[in-house]
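S.K.: Mind looking over this structure? Questions follow.
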Amino acid sequence: MNDRDIMENLLLTTKGVCDLYMHGAIESGTQNVHQTFDTALNAALCMQDQTYQKMTAKGWYPVQNVEQQKIDQVRQKFANQA
């Protein structure tokens with residue numbers, strides 16, 4: 001397994017953990033439990049961002065820029081539905 005595969009696995013795992021922590025925070029029954037999940041979620045989100053940034057810097061997570069015209073079209077489409 002190469003470094004790119006390891007980083008991709010780490011990113012996917014971290015995203016899954018974020019999902020679990022978010023649902024834990026949403027469903028928590030007490031403030032203490034909510035705060036614990038919220039703290040864990042924030043830490044996991046930071047880890048996810050750091051991993052993403054490193055992968056992007058190495059060219060392992062290509063990002064496609066979207067033309068402003070396409071963004072405006074989607075914005076207008078959803079504005080008309082409201």
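S.K.: Run lengths n ≥ 4 of DSSP H only: what is the helix-derived mean residue ellipticity at 222 nm for the chain, with -39500 (n - 2.57) per run over all residues, to the nearest 500? Spell out each step's value before the answer.
M.R.: On the way: 3 runs with 66 residues, N = 82.
After summing the helix terms and dividing by residue count, I get -28000 deg cm²/dmol.
S.K.: For a quick check: with amide H placed at 1.01 Å from N, whose amide H comes under 5 Å from TYR61's, ignoring anything fewer than 5 positions away on the same chain?
M.R.: Long-range HN contacts for TYR61: THR56.
S.K.: Averaged over every viewing direction, what's the projected area of the C-alpha convex hull for the chain? Give it in nm², one decimal, please.
M.R.: Computing the convex hull of the Cα atoms and averaging its projections yields 8.2 nm².
S.K.: So, with +1 on the Cβ of K and R and -1 on the Cβ of D and E, and no other charges, what is the size of the charge dipole of the chain about its Cα centre, to the nearest 20 debye?
M.R.: Value, rounded to 20: 260 debye.
S.K.: Quick one: 3J(HN,Hα) in Hz for region 9-25, Karplus 6.51/-1.76/1.60 with θ = phi - 60°, rounded, Gly and Pro as x.
M.R.: Calculated HN-Hα couplings, in order: 4, 4, 5, 5, 5, 5, 4, x, 5, 4, 4, 5, 5, 4, 5, x, 5 Hz.
S.K.: Under unit Cβ charges (Lys, Arg +1; Asp, Glu -1), what dipole magnitude, rounded to 20 debye, does region 39-82 have relative to its Cα centre?
M.R.: Values: 5 positive and 3 negative charges, 14 e Å.
Approximately 60 debye in magnitude.
Computed from the coordinates by the stated procedures, all read-outs in this text should not be read as laboratory data. Remember, predicted model here, so these are calculated numbers, not experimental data. Virtual Cβ from ideal backbone geometry, glycine too; neighbours counted across all protein chains shown.
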